[in-house]
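Student: The structure under discussion is supplied below as structure tokens; questions concerning it will follow.
The values are calculated or read from the model by the stated rules, or taken from the named source; none is laboratory data. Small disclaimer: the values here were computed from a predicted structure and weren't measured. Cβ sites come from the backbone with ideal geometry, for glycine too, and all protein chains shown count toward neighbours. What goes into the accessible areas is simple: the full protein's heavy atoms, side chains included, and nothing from ligands, DNA or RNA. Shrake-Rupley method; radii C 1.70, N 1.55, O 1.52, S 1.80 Å.
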Amino acid sequence: MENTSVPYSGDSSGKAEWGTKQALLKRYEGLNIYTLNRWLSEMRNDATFRQGVINPTHKIVLINFATFQEFLFWKQHHYIRNV
């Protein structure tokens with residue numbers, strides 16, 4: 001099986017903590033940009049996950065991979081509880 005982690009030249013371990021939308025789309029194969037943008041908007045609007053998305057400029061968006069994964073698990077359980 002191919003390693004899908006995104007290489008990060010600034011970290012000697014090769015494991016990035018933050019990445020761009022494109023890096024996140026590579027990590028989560030099958031996720032499209034429209035869904036990602038909607039989820040990032042949800043993260044920004046939720047105090048628990050807000051710190052996982054930063055915009056240093058109007059064109060650059062950096063996402064914390066661990067926080068995004070926590071958000072996905074929260075979303076999964078949130079939807080299960082509401083069904």
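Student: Could you tell me whether the range 43-57 includes any residue that is open to solvent by 30 Å² or more (accessible area, probe 1.4 Å) and closer than 20 Å to LYS15 by Cα?
Tutor: Yes.
Student: Kindly provide the set of residues from the range 58-82 that are exposed (fewer than 13 other Cβ atoms within 10 Å of the Cβ) and either at pLDDT below 90 or not in a helix (DSSP H, G or I) (or both), ordered by number.
Tutor: HIS58, LYS59, ILE60, HIS77, HIS78, TYR79, ILE80, ARG81, ASN82
Student: Tally up the residues in the range 29-69 that are under 16 Å from ALA16 (Cα atoms) and within 9 Å of the chain's Cα centre (by Cα), please.
Tutor: Number satisfying all stated conditions: 10.
Student: Would you mention how many residues in the range 21-42 are in a loop (DSSP other than H, G, I, E, B) and loosely packed, with under 12 Cβ neighbours inside 10 Å?
Tutor: 3
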